[in-house]
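Here is the structure we will look at.
The values are calculated or read from the model by the stated rules, or taken from the named source; none is laboratory data. Being a predicted model, the structure only gives us computed values, none of them experimental. Here the Cβ positions follow ideal geometry from the backbone for every residue, glycine too, while neighbour counts run over all protein chains shown. Ligands, DNA and RNA are stripped out before the accessible areas are found, and what is left, the full protein with its side chains, is counted by its heavy atoms. Shrake-Rupley method; radii C 1.70, N 1.55, O 1.52, S 1.80 Å.
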Amino acid sequence: MTSGTTRGFVGKRRDRGQGLPPGQHLTDAFPVLSTGPTPRVSRNDWELFIRTGPDTSMRWTWQDFMALPISAIVADIHCVTSWSKLETRWRGVSLDVLLKDVQTSDHYVMAHSYGGYSTNLALDDLRGDKAWIVFEHDGVELTAEHGGPARLLVPHLYFWKSAKWIHGFVTQERNMPGLWERNGYHLHADPWREERYSRWS
């Protein structure tokens, strides 16, 4: 069931402090940043959905989810508040697995979390071994504070795109903004291009 390790946009091992996106500094900590109360979702109640229309959706219970192929991931993560953490280790399910039977002409999704958080992403940023739903970090099950029981991991974008407490995705024709994006954060969020803030219309 478990596949090999995926190096999510990491490349060769680097010396500490080298090869960081502009404006970032290195940390060994894992800061907890949230916009509101921490949702407490049991695995018995958790489900993941992908909705492509009013009458078309796919759903997985926790048991369904854990029966899917599981990957080990090693990836650098970069927070918009300027910290970066190198070679973080996760286990989870690739979005390629979850999206393989999804048929849609839409090019974007809105990721929805338990607790009401949302963030927009291009489908291209979720496919091609770029994104996962993860349930374990550094050999330990994700705590609620870090997005457990499962969170989105999109390491090539700023970490606010890696929505904690992930509940599901709704495809959308236009790149409509999520919670932080409606408040001026960038629609795409590439840390190497310093895509932190932008106006949108």
Report the residue count in region 53-65 for those that are modelled with pLDDT under 95 and closer than 22 Å to V93 by Cβ. 2
What number of residues within region 37-53 are assigned to a loop (DSSP other than H, G, I, E, B), of a type outside the set (V, I, T) and open to solvent by 40 Å² or more (accessible area, probe 1.4 Å)? 6
Of all residues being among the polar types (S, T, N, Q) and closer than 22 Å to Q63 by Cβ in region 84-143, which is modelled with the lowest pLDDT? Just the residue, please. T143
Residues of region 73-85 that turn out to be within 23 Å of V140 (Cα to Cα) and surrounded by fewer than 21 Cβ atoms within 10 Å (Cβ to Cβ), as a count: 5
Please verify whether K130 is of a type in the set (D, E, K, R) and surrounded by fewer than 16 Cβ atoms within 10 Å (Cβ to Cβ), treating the condition exactly as stated. no
Test I70 against the criterion of being buried (at least 17 other Cβ atoms within 10 Å of the Cβ), more than 21 Å from H107 (Cβ to Cβ), in contact (Cβ under 8 Å) with a residue 60 or more places away in the chain and within 19 Å of the chain's Cα centre (by Cα), and give yes or no. yes
Please enumerate the residues belonging to region 152-180 that are within 25 Å of P31 (Cα to Cα), touching a Ser or Thr at 6+ places or on another chain (Cβ under 8 Å) and in a loop (DSSP other than H, G, I, E, B). V154, P155, A163, K164, W165, G178
Have a look at N183, N175 and point out the one that is at pLDDT 95 or above and either among the β-branched types (V, I, T) or farther than 19 Å from H78 by Cα (or both). N175
Residue match in region 94-103 (condition: open to solvent by less than 30 Å² (accessible area, probe 1.4 Å), on the phi > 0 side of the Ramachandran plot and not hydrophobic (A, V, I, L, M, F, W, C)): no
